[in-house]
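> Quick one: structure below, then a few questions.
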Amino acid sequence: MKSKDDLLKIRATVLYILNKFPEGVDYIKLFKIIYFAQQRHLSTYGRVIINETFHAKQHGPVPSFAYNAFLALENKNNQNSDDVQTFISGIEIKNKIVFSQIEPDLDELSVSDIKCLDYSFEKCKDKKSYLLSKKSHDAAWLSASKSRMVDPENDRMTILEIAKADNATDGMLDYIRNMHILNISLKGGC
């Protein structure tokens, strides 16, 4: 379950990218822009933009909560949790094209978040979705795909693998690993 802060950050990130596509954007391109921004942020700053689990799907990495919320919206599933209802409000989907009807809350995004999101957007905006899908089949995606072959329920991509796929330095990988251990310790208590 995501915290309220996590959900607000994921929502702001999705809306930030959606607002750059006034005519809407398909799932693949949207999710790849977010994935590549997340990857760059990890390898550059040692932290994620969004606290979201990426899964290795056929067309590349997808952020779990956002993807499931979009599927619920697309299927007009009224059995959604309050979190999903809040997340999808102001977002519309027509024929797998996602549109935003509202602006993002920029207070949720740091300067470095926006920098990486803008960088990823500029690199991806004019590329065909299937090319972005192919590009996202990186070492992190391959590792998770291999895990899925052993256990069909295990297609989760780790933040270390995502950072490695963007050539994060050994020092940055150590930093990410140590921060992850620290976060687990703080959540679990001593």
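The values are calculated or read from the model by the stated rules, or taken from the named source; none is laboratory data. Model, not experiment: these values are computed from the prediction. Glycine gets a Cβ as well: all are built from the backbone with ideal geometry, and neighbour counts include every protein chain shown.
> Keeping to the stretch 34-89, report how many residues are closer than 23 Å to Leu160 by Cα and either in contact (Cβ under 8 Å) with a residue 60 or more places away in the chain or β-branched (Val, Ile, Thr) (or both).
Result for the stretch 34-89: 27.
> Another question about this same structure. In the stretch 151-190, how many are of a type outside the set (Ser, Thr, Tyr), touching a residue at least 60 places away in the same chain (Cβ under 8 Å) and assigned to a helix (DSSP H, G or I)? It would help to see each step written out before you state the result.
Going through the stretch 151-190, the residues of a type outside the set (Ser, Thr, Tyr) turn out to be 151-157, 159-168, 170-174, 176-184, 186-190.
Okay, now just the ones that are also touching a residue at least 60 places away in the same chain (Cβ under 8 Å), so 155-157, 159, 162-163, 165-168, 172, 176, 179.
Filter again for assigned to a helix (DSSP H, G or I), leaving 159, 162-163, 165, 172, 176, 179.
Within the stretch 151-190, residues that are of a type outside the set (Ser, Thr, Tyr), touching a residue at least 60 places away in the same chain (Cβ under 8 Å) and assigned to a helix (DSSP H, G or I) number 7.
> Does Lys96 satisfy the condition of being over 18 Å from His41 (Cα atoms) and out of contact with any strand residue (DSSP E or B) (no Cβ under 6 Å at 6 or more places or on another chain)? Break it down stepwise before answering.
Details: over 18 Å from His41 (Cα atoms): yes; out of contact with any strand residue (DSSP E or B) (no Cβ under 6 Å at 6 or more places or on another chain): no.
When the stated conditions are applied, Lys96 does not pass them.
> Still on this structure, please answer the following. Tell me which residues, restricted to the stretch 93-108, are under 12 Å from Pro22 (Cα atoms) and either within 19 Å of the chain's Cα centre (by Cα) or not β-branched (Val, Ile, Thr) (or both). Break it down stepwise before answering.
The first filter runs over the stretch 93-108 and keeps only residues under 12 Å from Pro22 (Cα atoms), leaving 97-103.
Within the stretch 93-108, Ile97, Val98, Phe99, Ser100, Gln101, Glu103 meet the criteria.
> Which of (1) crowded, with 18+ Cβ neighbours inside 10 Å; (2) modelled with pLDDT of 95 or more does Ala72 not meet, given it meets every other one?
(2)
> Within the stretch 44-67, does at least one residue satisfy the condition of being in a helix (DSSP H, G or I), surrounded by 24 or more Cβ atoms within 10 Å (Cβ to Cβ) and among the hydroxyl-bearing types (Ser, Thr, Tyr)?
No, every residue in the stretch 44-67 fails to be in a helix (DSSP H, G or I), surrounded by 24 or more Cβ atoms within 10 Å (Cβ to Cβ) and among the hydroxyl-bearing types (Ser, Thr, Tyr).
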